[in-house]
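Worksheet: one structure, shown below.
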Amino acid sequence: MEIPHNQLSEETLLAVIEEFISREGTDYGQRVYTFDEKVEMVRSQLISGEIKLFFDKETSTCNLIKVY
């Protein structure tokens, strides 16, 4: 089920974003981003609608998914 990011408290949203980033794995590319830069990039993508937040009832987990 989709959860509008603006319905979460700032603290909860930050925790979801940080957890997502921490399971992302190793960076591959020419530029290495800091953790804080990654948080801001994900937050910007949520605000712009590029990605959406979903909650899976069966696994009780949240995931951020790119919208095509």
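The values are calculated or read from the model by the stated rules, or taken from the named source; none is laboratory data. Please read all numbers here as calculations on a predicted model, not as lab measurements. Cβ placement follows ideal geometry from the backbone for every residue including glycine, while neighbour counts extend to all protein chains displayed. Heads up: the accessible areas ignore ligands, DNA and RNA and are worked out on the full protein's heavy atoms, side chains in. Shrake-Rupley method; radii C 1.70, N 1.55, O 1.52, S 1.80 Å.
Angle check, please: helix 10-22 long axis (alpha carbons) against the longest principal axis of the chain (alpha carbons), in degrees 0 to 90, nearest 10. Approximately 50 degrees, to the nearest 10. Scoring 40-47, 59-66 by mean Cβ neighbours within 10 Å over their residues and listing the highest first yields 40-47, 59-66.
On the chain, 53 percent of the accessible area sits on carbon and sulfur atoms, based on a 1.4 Å probe. Counting only alpha carbon atoms, the long axis of helix 35-48 and the longest principal axis of the chain meet at about 50°.
Working note: 222 nm ellipticity from helices only, DSSP H runs with n ≥ 4, each -39,500 (n - 2.57), summed and divided by the residues of the chain, gives -12500 deg cm²/dmol to the nearest 500.
Based on the Stokes-Einstein relation at 10 °C and a viscosity of 1.306 mPa s, and on the Kirkwood radius from alpha carbon pairs, the chain is assigned a translational diffusion coefficient of 125 µm²/s.
Derived scalar couplings between HN and Hα for region 53-68 equal 9, 10, 10, 9, 4, 5, 9, 6, 10, 9, 8, 9, 10, 5, 9, 9 Hz in order, rounded to whole Hz, by the Karplus curve 6.51 cos²θ - 1.76 cosθ + 1.60 (θ = phi - 60°), x for Gly and Pro. The slack between residue 39 and residue 55, meaning 0.36 nm per residue of separation minus the straight C-alpha distance, is 3.8 nm. Taking amide H as placed 1.01 Å from N in the peptide plane, the amide H of residue 51 sits under 5 Å from that of 46, 67, each at least 5 places away or on another chain. Per residue, the accessible area of the chain comes to 76 Å² when a 1.4 Å probe rolls over the protein heavy atoms.
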